[in-house]
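Everything below concerns the one structure shown next.
Just so you know, all these numbers are worked out from the coordinates, no wet-lab data involved. None of the values given here were measured: they were computed from a predicted structure. Backbone-built Cβ (ideal geometry, glycine too); neighbour counts: all protein chains shown.
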Amino acid sequence: MRVVVVGAGPAGMAAARTAADAGAEVVMVDSEPEAGGQYLRGRARFEHPGVTHLKNTEVWMVEGDSLHLRGPGGARLLRFDALVIATGAYDRPLPFPGWDGPGVITAGAAQALAKQGVTLAGRVIVTGTGPFLLPVATALQDLGSTLVGVYEASSPTRWLREAKAITANRHKIGELASYRKVLPRLETRTAVIAKHGDRVTVAKLDSQWRPISHRTEHADLVCVGYGFLPRTDLLPNASRTHDFLDVDDHQRTSVANVYAAGEVTGIGGADLAEAEGVVAGAAAAGRRPPAKALEAVRRGRLFAAALARAHEVQPGWQTWLHPDTTVCRCEKVRLEDLTDATSMRELKLTSRVALGRCQGRICARNAAELTGVPFDGQRRVIAVPIPLGELAELPEDKS
Amino acid sequence: MKVTFNGLRREVAHVAELLPGRYFCGIGVCFGCVAEINGVPEVRACRHPLRDGDVIRTQS
Ligand SMILES: Cc1cc2nc3c(=O)[nH]c(=O)nc-3n(C[C@H](O)[C@H](O)[C@H](O)COP(=O)(O)OP(=O)(O)OC[C@H]3O[C@@H](n4cnc5c(N)ncnc54)[C@H](O)[C@@H]3O)c2cc1C
Ligand code: FES
C-alpha cells in the first residue's frame, strides 16, 4: 500500500518514517529543496529506508485518490491509498495603517530570513501575540539588529488560569529561558498600530486590544505575527474548527483515507507536531499508533488549547484601522471598500477582497471579522495558482 | 549576490531586499513577491535561492 505524506516538517517526517517502518511504500512530497519544514528549515538531514522524498514539488490539488503535483519534472499525478496532510501553518497578520508599505513583514518571514543569516534592518520591532515572538526577536538580535521592542498584545496573567496545561508541559517553560536576552525588551498589552516611514505608533492596549495611550518609536522593520493560520487548502471540504482540520484520536480527518498531523490541526509546537505525525503515520499504514505517541499528543493538546485561549485575537484590533487602511494587499481593498454582505462569497464578489493572488490566505479571516460575515474556512479548490498551459498538459498516466 | 533587477545592477544578500512592501510572508503563501526570474514568469521570489547573475523583473 502507498502512503503519501504532504509536508516534510516535524509532522510529515515523523509520519513518513513511522508509515515506512510499518511496511508501507511511502512518498513524502514537499515544496522546499530540503526537509525540515518551518522549524528546522532545511537543517534536517532526512533519509529513511522505504521513503521516497520528492523535493521542490508542490501539491496543488487532491482529486479522489490522486494528488496533482508540480515539480522539477513538470506536472504529474500521484495515486495514494492513504494520505497524510502535514502542510503546517503561516503567520496571521493584523492590518494597521502602513502594514502594506515597506518595512513590514510577518514574524515568520523574519525568522525564515534569519535562518538564512539575513536581517533586513538595523532597528526592528516584533509585534503580535504568542510565544513565537520571542525566538524571532532573539534571532534578529543575534544577527546584530537593534531590538526596539517585542510587543505582546495579550496579558501574561491569562496564563495563570492554565495551571493544568503548564504542569503537563514543564519542558515548554524551560524553552522560554533560552530567550531571556530579549525579555527586557518585552512589553505586554502593547502593539504597533501604525507605521509611517520609520515612525511607528506603539499603543498600550486594554483587555479587548483597544488602544488606551500611544507613543512614537523609530524602527526600519516591523515583524507582525498574531498567531498562525493553517495551510488547509488541499482539503477544501474537510470538517474544521476555526479553520484547523478536525481529527479523531488516530488523526483521521472527515475525508476517507485522509489523515492530518502537525500545525494544520492546531498550534502546539514542533514536539506536538512530531507526535501527531507518528500517530498519523501508523494509522495511515493500518497499524495501531504507539501508546507513547498518543500520550504525547494528549499532553501537547492541553498546551495547544491553553495557548489558543491565552493568545486569542481580541476584537479591539479593528479600531486600529482607518477608512483608507488596506485590508487586502493583493487587490488593494481598503476598509471603506468592504461592503455590507451576508456571506464570504458575496463579500468577495462585491468588494474584491480575497480574490487576488493569495486567494484570501492573508486577508479573508480579517475581512470576515471586520464585516461580521461568517468565515467559511478557506474553501479554495486550487491551492497554488498555476499557469493555464500546465493545466492543459496534465498527463493522465497514474504512477 | 550580483543581480539585475528591473534592468539595474544590484548587489544584495537576499531577494527580499529587492522587494520592499512585497516580500511579506517569506514562505510562499502571500504571493506578494511574485516576479519574473531568469525569464520564468510568476515565480514566488521568496522560494528562489538567489544566485549571481540572476535577472529579476517585477510585473505590475
Ligand atoms: C515561517 C515560520 C517560522 C517558524 N519558525 C519557528 C522557530 O524558529 N521555532 C519554533 O519553535 N517554531 C517555529 N515555527 C512554528 C513551527 O511551524 C512549528 O513548530 C513546526 O514547524 C510545525 O511543524 P509541521 O510539521 O506541522 O509544519 P511545518 O514545519 O510548517 O512543515 C510543513 C511543510 O509542508 C510544506 N508544504 C505546505 N504546503 C505544501 C504543498 N501544498 N505542497 C508541498 N509542500 C507543502 C511546507 O513547505 C513545509 O515544509 C515557525 C512557523 C513559521 C510559519
Ligand atoms: S513573500 Fe509571501 S509568497 Fe513570497
Asserting the computed 222 nm helical MRE of the protein assembly as shown (DSSP H runs at least 4 long, -39500 (n - 2.57) per run, divided by residue count, to nearest 500) equals -6500 deg cm²/dmol
Cα to Cα, under 18 Å, and not fewer than 8 places away if on the same chain: which aspartates and glutamates meet these conditions relative to residue A:181? A:142, A:152
For the protein assembly as shown, just run the numbers: alpha carbon Rg, then divide by 2.2 N^0.38 Å, N being how many residues it has. 0.95
Kirkwood-based shape ratio for the stretch A:44-95, expressed as Rg/Rh from alpha carbons: 1.05
With 10 angstrom as the radius, rank A:328, A:223, A:358 by how many other C-beta atoms surround their C-beta, starting from the fewest. A:358, A:328, A:223
Under a crude label model (7 Å from the Cα following the beta-carbon direction), how far is residue A:350 from residue A:164 in nanometres? 4.3
Measure nothing but the geometry: give the 0 to 90° angle between the long axis through the Cα atoms of A:270-284 and the longest principal axis through the Cα atoms of chain A, rounded to 10°. 30
Want the number for residue A:308 to residue A:55: 0.36 nm per residue separation, take away the alpha-carbon distance, what's left? 87.8 nm
Lysines near residue A:332 by alpha-carbon distance under 18 Å, same-chain residues fewer than 8 away left out - which ones? A:195, A:348
One computes Rg over Rh for chain B from alpha-carbon atoms, with the Kirkwood Rh, and obtains 0.91
Proxy exposure order for A:1, A:13 (fewest C-beta within 10 Å first) is A:1, A:13
Using alpha-carbon coordinates, inclination of helix A:133-142 to the longest axis of chain A, degrees: 80
Using DSSP to call loops (not H, G, I, E or B), can you name the trypsin sites (Lys or Arg not before Pro) in chain B whose Cβ has at most 14 other Cβ atoms within 10 angstrom? B:51
